[in-house]
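These notes concern the structure reproduced below.
Please treat every number below as a calculation from the coordinates, not as lab data. Predicted, not measured: the structure shown is a model, and the values here were computed from it. Quick reminder, even Gly has a Cβ in these numbers, built from the backbone with ideal geometry, and neighbours come from all protein chains shown.
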Amino acid sequence: MNALIISALLGVVMMFSGIIFKKNASIRYLAIAGMMLLWVANAWEMCTANPLFNIDTKGMIDVDRFSYLFISIAIAATLIYFLLSAKDMEKVGVNYAEYFSLIFFITCGIALVASFKSLLILFIGIEIISIPLYILTGSDKRNLKSNEASLKYFLLGSFSTGLMLMGITFIYGAQGTFNITQPLVRDAADKVPMLFTAGMLLMLFSMAFKVSAAPFHFWTPDVYDGAPSVFTSFMATIVKAALFIAFVRLFNEGFGEIEHQWKMLVGIIIAITLFVGNITAVFQQSVKRMLAYSSIAQAGFMLFAVYAVTAESKEGLLLYAAAYSLATIGIFAVLIKLNDYTFDGFNGLAKTQPLLAGVTTICLLSLAGIPLTAGFLSKFYMLKNTLSAGNNLWLVIFAVLMAAVSVFYYFRVIQAMYFKDTDTPQTINVSLPFKITLVVVAALIIILGIMPGLVLQYLYF
Amino acid sequence: MIPILLITIPLVAGLLSFFLKNEGMERSWALGMATITLAIAVIGVTIPDGNALLQHTCTWLPALGSDFSVGMDGMGKLLVLLTALAFPIIFTTIFKSTYKKANNFFGLMLLGQAGLMGVFVATDALLFYFFWELALIPMYFLCSQWGGENRIRVSFKFFIYTFIGSLLMLIGLLWLQSKTATHSFSLQSFYALKLSAKEQSGLFWLMFIAFAIKMPIFPLHTWQPDAYEQSPTAVTMVLSGVMVKMGLLGIIRWLLPVMPIAFHAWGDVVMSLSVVGIVYASLIAIRQDDIKRLVAYSSIAHIGLMCMALFSENLSGVQGALVQMFNHGINIIGLWIMVDIIEKRFGTRKMSELGGLAKHHPVMAIFFVLIAFANIALPLTNAFPGEFLMFNGVINAQTSPLYAILFTVFAGMGIILGAVYTLNMVRKIFFGEVNAVYQQQTDLKLHEQIGLGVIVILILITGFFPQLLLNITEPFANTVTTAFVKIKS
């Protein structure tokens, strides 16, 4: 509860900070300090189970251990994102303070979707996340591509929200309640009503849209490519992971009882997502677009957490969210520093900036799922839980082959950095704190890859 | 304790090597550390099996059912010894070679050694998989950074090939884990499994493909000649001398005892593939002009024979294959060292451009001829007892007698062809018309003589006293063969 309320308050504070502070640096430090405060507040509540605010939500919100852990992962990832990329937001436009304000509001939405028990809260949470994102996508006002991306995102996003509302309505009609923990209403033949199934399908489609699973992914490459890179980094990682948490909660707790009805469908969505994401990423010329498709491909793997309805799969998703967010934030932070977003832009980076190249390599290895990195263990969790759910060897083998395809495009960047030379070396200026944060990111990826228990053991106590 | 040291010393040494600034220091550092590792490995080999010093277990990922557990059995000892020997020898012979960013080169080599050691001692499936990949990554970077002109494409092919294989293996290991009573990845729990014939069959192929790619077995060998040719020769030595043994170890430790029925049922298929590979690779080797490619193809033929011997399912075959794993590693490293010396001296690897080197480079010729004899397994060289045992195994294989004879005949042809191409290579390089351009070059230098000397001594000692190695592997081979007895009953 702390995270929810404090993040909303901090959003308002950040909004007015633009009036009070004249210097961008002051605003930035305030935002970083705010994020730290948020993390501490959440961690304090997590450890003592003693929230600062006691609000009776009538069972609509239930912050359990899983939510606490995810919220703290999300806040920590956002903090790292601030430390790495907050300075680059200056280049986007003049409304520096507002960007931070919007991101704090999104964090508030994340806290909601991670702990909802009522479909209404889910809806509100997703809207609180989505609307600031529409603004952030279009924040580079003079850039036509940014405008286009924003409009596209807004139109398609509202449409899918419409679907979700429709689904919620149907489910309410069948169930008579918004609460997802209620046992399902069944008819005389012990079947759930058609209305409920229709509502569930609509929810499935709109959630698939939100997490950019194929065939609902068409907005993703354009929006990720058009949005200012600093914000793409945030959208593609933390926000996406939060939406996945909502997805898993909804289908595990809400619809887990009738998993036979949707399991096959989710399986097919996973297969298509993995195929489209990986194969299309191979043909990209721009690293930024490649990362957009890679985020679709990774979404395919995260969907396994929805598919395998077990407690361990949620645990795996937490690890996956952390691993994927860290790695992608790291790569974007380096990408933003380069002038050239094509693969050739990375040529010879190992010579000019060995540290940046080294950290990028660790991030890429993690995304590709190579052992000793967090990416491997998270993919491992997903595959293990799916296999133990039974009868889906085809899907696992397909996923593994697609993971092998993903090596192809991730390693293209490594090849460019280490094995190719450039005639026109770019001059990249990076500060010492930036480098230190990057090293921390790399260290976290490796620590999580060797000892995931450090994060996950909290769930067991 | 000893396995832990064997992993951590090269690992830490490799990581530190990246930070060495002093030009030239990294060689001494790498050589020194590799020698310490060798000393520890020798101590480990002399301790009898089952001693507490050779085992170590501590909790690692309890939620996943995986422990950090390592141990050395007979096979582990032999391969650990091979790895520990290979690296100092390699570092000695390339002591004077120049590499760009040499500290990274030697650092990655040491990291590769740590990965290999881990593969050979891991007794937990997940740990095994970790090290399996850890050994691969440094090799990929070494090939791509310091290799020949096609290095990026070729080493990437190599990487993708092995990565697909290892991912399939991972599914197999996961499946096995989900079947075990305690959901554990430990070797003991895998050995306790009793799977149906159908399950074993599926699992067998998931895992065998990974091992077959690594060895490599026909028709999954296509990455190998290119990768061996394009890699810097020091890396090729590791790839062909030590790394291919990962596949054989995988079969003996992770495949055979876990799924004996499938092992028996698919034995004929695998043996047929191996024998095709032996004849095919030998025939291609005869046609090669590039000595690096020739040695690469000869390696496919030798590995094929070892795989065949394993699938012959009797003590003689298994013993032969185990001993030969070690001996082949020594011989092929020797050959690569010669190839490297010739290439560095004369600037070419083409046999048609070389000739008559024996006249002005007698020391080189003596070493080369001795190693070549070992490569064709002449008696009194180390390869002879191994190949003899393997053939003895294959002819008594647990398949129909007609097949056994056919396999033996064709594999025997491989040996004859092996003599043809190896001796042909010796003739073309060292005898015949003297090429005037090459007269000025010096003969072997001291550090090269030391490296090759160690190899030749090893070839002769284990050739004269094969029992030295057989004693190390015998208890282990006996336990492996009890699995065969179980199938028959």
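Structure above, values below:
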| item | result |
| --- | --- |
| Span per principal axis, largest first, for the Cα atoms of region B:150-285 (Å) | 48, 28, 20 |
| Nitroxide proxy distance, nm - points 7 Å out along Cα→Cβ at B:I4 and A:Y172 | 6.1 nm |
| Which of A:C363, B:C58, B:C307 has the fewest Cβ neighbours within 10 Å, and the rest in rising order | B:C58, B:C307, A:C363 |
| Spacing of the two label points (7 Å from each Cα toward its C-beta) at A:I258 and A:L120, in nm | 2.3 nm |
| Debye log10 I(q)/I(0) at q = 0.05, 0.06, 0.08, 0.09 Å⁻¹ for the protein assembly as shown, Cα point scatterers | -0.33, -0.47, -0.79, -0.96 |
| A:F283/A:S158 FRET efficiency (R0 30 Å; Cβ-Cβ; nearest 0.05) | 0.45 |
| Efficiency of FRET between A:Y29 and A:E148 - r from beta-carbon atoms, R0 30 angstrom, step 0.05 | 0.30 |
| Net dipole in debye of region A:206-274 [+1 Lys, Arg Cβ; -1 Asp, Glu Cβ; about Cα centre; nearest 20] | 60 debye |
| Rg(Cα) / (2.2 N^0.38 Å) computed for region A:102-245, rounded to two decimals | 1.14 |
| Rg(Cα)/(2.2 N^0.38 Å) for region B:81-147, N = residue count | 1.18 |
| Residue-by-residue Karplus 3J(HN,Hα) for region A:260-274, coefficients 6.51, -1.76, 1.60, Hz, glycine and proline x | 4, 6, 10, 4, 4, 4, 5, x, 5, 4, 4, 4, 5, 4, 4 |
| Principal axis box of region A:100-183, alpha-carbon based, largest edge first, Å | 51, 24, 10 |
| Chain B: angle of helix B:383-395 to the longest principal axis, Cα-based, in degrees nearest 10 | 40 degrees |
| Equivalent ellipsoid, region A:349-412 (semi-axes from 5 times Cα gyration tensor eigenvalues, Å) | 30, 12, 5 |
| Bins of 10 Å from zero: percent of alpha-carbon pairs in region A:338-461 | 12, 33, 31, 17, 7, 1 |
| Separation of the A:W44 and A:K22 label points, Cα + 7 Å toward Cβ, nm | 3.4 nm |
| Region B:150-197: Cα Rg divided by the 2.2 N^0.38 Å rule of thumb | 1.65 |
| q = 0.08, 0.11 Å⁻¹: log10 I(q)/I(0) that the Debye formula gives for chain B, counting C-alpha atoms only | -0.44, -0.86 |
| Local electrostatic count, A:Y324, Cβ distance below 14 Å [Lys/Arg +1, Asp/Glu -1] | +2 |
| Table column - 3J(HN,Hα) (Hz), region A:430-439, Karplus curve with 6.51, -1.76, 1.60, x for Gly and Pro | 10, 7, 5, x, 4, 4, 4, 4, 4, 4 |
| Contour minus Cα-Cα distance for A:W394 and A:N339 (0.36 nm per residue) | 15.5 nm |
| Loop-resident sites, region B:272-347, for trypsin sites (Lys or Arg not before Pro), counting at most 14 other Cβ within 10 Å (DSSP) | B:R287 |
| Estimated Rh, region B:300-369: Kirkwood, alpha-carbon pairs, angstrom | 14.3 Å |
| With Cα atoms, 0 to 90° folded angle of helix B:25-46 axis to chain B main axis | 50 degrees |
| Cα-based shape type of region B:1-84, given that a ≥ b ≥ c are square roots of the gyration tensor eigenvalues and the cut on a/c is 1.5 | oblate |
| Size of electric dipole in the protein assembly as shown: Cβ of Lys, Arg +1 and of Asp, Glu -1, about Cα centre, debye, nearest 20 | 1020 debye |
| Equivalent ellipsoid dimensions for region B:218-259 as semi-axes, Å, which come from the Cα gyration tensor, largest first | 25, 13, 4 |
| Pair-distance profile P(r), taking every C-alpha pair of chain A, with 10 angstrom steps and integer % | 4, 21, 33, 27, 11, 3, 0, 0 |
| FRET efficiency estimate (nearest 0.05) - Cβ-Cβ, B:I450 to B:R287, R0 45 angstrom | 0.80 |
| Volume in Å³ per residue [convex hull over Cα atoms, computed for region A:391-455] | 136 Å³ |
| Cα gyration tensor shape for region B:275-395, rounded if a/c is under 1.5, else prolate or oblate | prolate |
| Radius ratio Rg over Rh of region B:352-468, counting only Cα atoms, Kirkwood formula for Rh | 1.11 |
| Exercise: per-residue mean of other protein chain Cβ atoms within 10 Å, B:59-66 | 4 |
